[in-house]
Protein chains: 2
Amino acid sequence: MNQSALKDSVGIVQPQCIHFDEALPLRSGKIIDSYDLMIETYGELNADKSNAVLICHALSGDHHAAGFHSEEDEKPGWWDNCIGPGKAIDSNKFFIVCLNNLGGCAGSTGPTSINPANGKPFGPDFPIVTVRDWVNSQARLADYLGIEQWAAVIGGSLGGMQVLRWAISYPERLRHAIVIAAAPKLSAQNIAFNEVARQSITSDPDFHQGHYYEHGTYPKKGLTLARMIGHITYLSDSAMRERFGKDSLTGRNFGRDLSTGKLNFGFDADFQVESYLQYKGESFSNKFDANTYLLITKTLDYFDPSVDYEGDLSKAFLQGNCKFLVVSFSSDWRFPPERSREIVDTLLKAKRQVSYLEVESDGGHDAFLLPVPRYLEGLSAYLSVVANESANSSEKSDHAS
Amino acid sequence: MNQSALKDSVGIVQPQCIHFDEALPLRSGKIIDSYDLMIETYGELNADKSNAVLICHALSGDHHAAGFHSEEDEKPGWWDNCIGPGKAIDSNKFFIVCLNNLGGCAGSTGPTSINPANGKPFGPDFPIVTVRDWVNSQARLADYLGIEQWAAVIGGSLGGMQVLRWAISYPERLRHAIVIAAAPKLSAQNIAFNEVARQSITSDPDFHQGHYYEHGTYPKKGLTLARMIGHITYLSDSAMRERFGKDSLTGRNFGRDLSTGKLNFGFDADFQVESYLQYKGESFSNKFDANTYLLITKTLDYFDPSVDYEGDLSKAFLQGNCKFLVVSFSSDWRFPPERSREIVDTLLKAKRQVSYLEVESDGGHDAFLLPVPRYLEGLSAYLSVVANESANSSEKSDHAS
């Protein structure tokens, strides 16, 4: 492992599995009797528990947001660019909590878990969970950790939707809501891409209606395809162009096979973008569960908190005092800046305090995971104010005690 | 059939199959010994053969561009909005020729044709053809029809790329090049979508390495998926929103299932956009050949005429005197207006005469097939000048004779 990466990070971290025995009623009407949540925490909770930050993950994320699991670990957690000592989400100042959401495949109860009813994996019988269900389970996690109020709840993409839901469902339990590269609900095009991804998985003959575990198979090809489709929507066209370099032979700047400079006139990959996507899709399919992928795309599709407010989302934000930071990226065409501005307009209509940062970046939707300087600086500046609030509050509580 | 639609159209048309016995050398180095081209023509060729217009089709098009095949025919040809008596491409003024390209599946020689070498369908052994190969075959068709010079060559999307190729390969054989919703070459993102579509087809277990005809199977699911992906890229996000109406229950305007207004909490389609795409994909898969789809996506990927000009496309246009009309649509994100402006800039650099029309439309890439008034008016105005040139030329030739 790169020792300087380890030193710059939260270090070697240990996930924890927390069991919840209280039944969780779901939006679908179903009930999960008991469940596990895998979590990681970074930093120290202060005396008055005012410096806790919750990180909500996106489609393919999990509880491992920062640091390394061992000395041999090659890659840090998925948001190590943002979380760590002296980083934007500063582990020297905050007690940072990240969990794998219900329905996930990284240790929390989900389709790969054993269904106590029949001793087999839940598979497709695992109920569809919504963002609201997730946030309810996260609130129980906060209870478990003794955190009455988060200093901030932070998330990108689907994570940002969880942040919005926190501000609606538990308006008194967070001081700041940081919503990055998100949208108030999916567009028709977003849903269409999700549907094609789902069909890729379910039409794989190895899918067996989701009971592939019992068949000793795995819809690898279908999940690979689904991820390839997703991946195209995470990258901007210009990011793709950048990433694949300039092809001197053709003037195309997205990578004809440079080893030969020639076209195959066959169906093998001619361009680097093709082999790159295949590689990305396959490596994802080796580590992610297909039923979880199906489930979480539905979680995305179903997100629309305005449904309880006659379609007027601003009414959802009339309660509570939390402040908002909304961040978007110029080249994100999955949830473009205009979707973030919808959120901002909604919050302004609800007379909420909101800061908005639109970051120039050609990183596409994935920019929220990347070390884009202006983004990290903006996030850092905002969170240093949040950290000061926590420090002041803790000081007051010290004096009081 | 709708009698007024018939009356407004070129009427009942009869395709012709034309056999070519001269071998066609391909860009890949392979040779097609002999081949058939299916064509349709509308209108009358004038005395000096100066009013002939060639229509080049896009990925899923064919020779049937206008009119009806029988009284019972429900749908007219794919460009009936543009082609017909008094329409933008006026069959009262022009002799309009449209063909199914080589490698197609509507009657011209392609993967579904019998390979004389073994008496079986070519299937995956049909060679990959390029836009240049197509244009060479089209030039032979012009020879066959006795057309020395087209008044105009017209095409949208991949059709527009054929038009560009005409102006490069046969600069003296066309007076006007009309390039609609096209690009000088594909972007990395375009290629990525094509690759995912191809993988959808080739990973279908019914594909059998393209020999599905012999296996009595058909990669229906794979082709359906491929078309669903394509279809998303043809429509704009706003067009999708418009198309699926406003959902009164949720405020979402892309069609939650209106029959129940409720979410399924399952993996059936919840939103109309999902069932719409499935329907579109499936109906396409019933009438189109999967090997042709594979082949034509490669034809698209390979298009890059700058490759013979050290990457400087403007050098490709230094020959000939033909004039250009370039048309783009504001909401087309497959080949957006900036790609058309690249073409325009290239032509200006080559000191060619070019008109450019950027049409406001929320129809996405598909707008080139739709009756968008400003588009049809612009095309019509341009072509009426072209028609006058033909009429004058014909008159002169009458006087001379």
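The values are calculated or read from the model by the stated rules, or taken from the named source; none is laboratory data. These numbers come from a predicted model, not from an experiment. Ideal geometry is used to build each Cβ from the backbone, glycine not excepted, and the neighbour counts take in all protein chains shown.
One table, with the values for the structure above:
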| read-out | value |
| --- | --- |
| Subset tally (residues that are in contact with a strand residue (DSSP E or B) (Cβ under 7 Å, 6 or more places away or on another chain), at pLDDT below 95 and either exposed (fewer than 13 other Cβ atoms within 10 Å of the Cβ) or on the phi > 0 side of the Ramachandran plot (or both)) for segment A:3-34 | 0 |
| Leading residue by the ranking (farthest from the other protein chains (Cβ to nearest Cβ)) among those in segment B:152-184 that are touching a helix residue (DSSP H, G or I) at 6+ places or on another chain (Cβ under 9 Å) and surrounded by fewer than 24 Cβ atoms within 10 Å (Cβ to Cβ) | B:175 |
| Filter result for residue B:280 (assigned to a loop (DSSP other than H, G, I, E, B) and not hydrophobic (A, V, I, L, M, F, W, C)) | no |
| From the options B:315, B:298, B:262, residue that is within 11 Å of chain A (Cβ to nearest Cβ) and touching a residue at least 12 places away in the same chain (Cβ under 8 Å) | B:298 |
| Residues of segment A:283-303 that turn out to be part of a loop (DSSP other than H, G, I, E, B) and closer than 29 Å to residue A:88 by Cα, as a count | 3 |
| Single residue of A:117, A:139 found to be surrounded by fewer than 21 Cβ atoms within 10 Å (Cβ to Cβ), without any contact (Cβ under 8 Å) to a residue 60 or more places away in the chain, under 23 Å from residue A:180 (Cβ atoms) and of a type outside the set (Ser, Thr, Tyr) | A:139 |
| Where residue B:282 falls short, out of the listed (1) acidic (Asp, Glu); (2) surrounded by fewer than 17 Cβ atoms within 10 Å (Cβ to Cβ); (3) within 8 Å of chain A (Cβ to nearest Cβ); (4) over 30 Å from residue B:340 (Cβ atoms) | (3) |
| Lone unmet requirement of (1) farther than 15 Å from residue A:276 by Cα; (2) at the interface with another protein chain (Cβ under 8 Å from one of its Cβ atoms) for residue A:229 | (1) |
| Single residue of A:52, A:47 found to be in the same structural domain as residue A:136 (by TED's automatic domain parsing), touching a helix residue (DSSP H, G or I) at 6+ places or on another chain (Cβ under 6 Å), of a type in the set (A, V, I, L, M) and closer than 19 Å to residue A:387 by Cα | A:47 |
| Any hit, segment A:54-65, residues being among the hydroxyl-bearing types (Ser, Thr, Tyr) and more than 30 Å from residue A:86 (Cα to Cα) | no |
| Qualifying residue in segment B:169-178 (condition: assigned to a helix (DSSP H, G or I) and out of contact with any Gly (no Cβ under 9 Å at 6 or more places or on another chain)) | yes |
| Candidate set: segment B:1-44, residues that are among the aromatic types (Phe, Trp, Tyr) and out of contact with any helix residue (DSSP H, G or I) (no Cβ under 7 Å at 6 or more places or on another chain); chosen: the one nearest to the other protein chains (Cβ to nearest Cβ) | B:35 |
| All positions within segment B:1-33 that are of a type in the set (Ser, Thr, Tyr) and touching a residue at least 40 places away in the same chain (Cβ under 8 Å) | B:9, B:28 |
| Among the candidates A:303, A:288, residue that is surrounded by fewer than 21 Cβ atoms within 10 Å (Cβ to Cβ), under 16 Å from the mean Cα position of the chain (by Cα) and more than 7 Å from chain B (Cβ to nearest Cβ) | A:288 |
| Segment A:343-377, residues that are more than 20 Å from the chain's Cα centre (by Cα), in a helix (DSSP H, G or I) and among the acidic types (Asp, Glu) | A:345, A:377 |
| Segment B:185-226: number of residues that are assigned to a loop (DSSP other than H, G, I, E, B), more than 10 Å from chain A (Cβ to nearest Cβ) and in contact (Cβ under 8 Å) with a residue 40 or more places away in the chain | 7 |
| Options B:342, B:360; residue that is in contact (Cβ under 8 Å) with a residue 40 or more places away in the chain, among the charged types (D, E, K, R) and surrounded by fewer than 20 Cβ atoms within 10 Å (Cβ to Cβ) | B:342 |
| Residue that is surrounded by the most Cβ atoms within 10 Å (Cβ to Cβ), among those in segment B:319-330 that are assigned to a loop (DSSP other than H, G, I, E, B) and modelled with pLDDT of 95 or more | B:322 |
| Single condition residue B:205 does not satisfy, out of (1) at positive phi; (2) more than 23 Å from the chain's Cα centre (by Cα); (3) of a type outside the set (D, E, K, R); (4) modelled with pLDDT of 95 or more | (1) |
| Filter pass, residue B:123 being small (Gly, Ala, Ser) and more than 19 Å from the chain's Cα centre (by Cα) | yes |
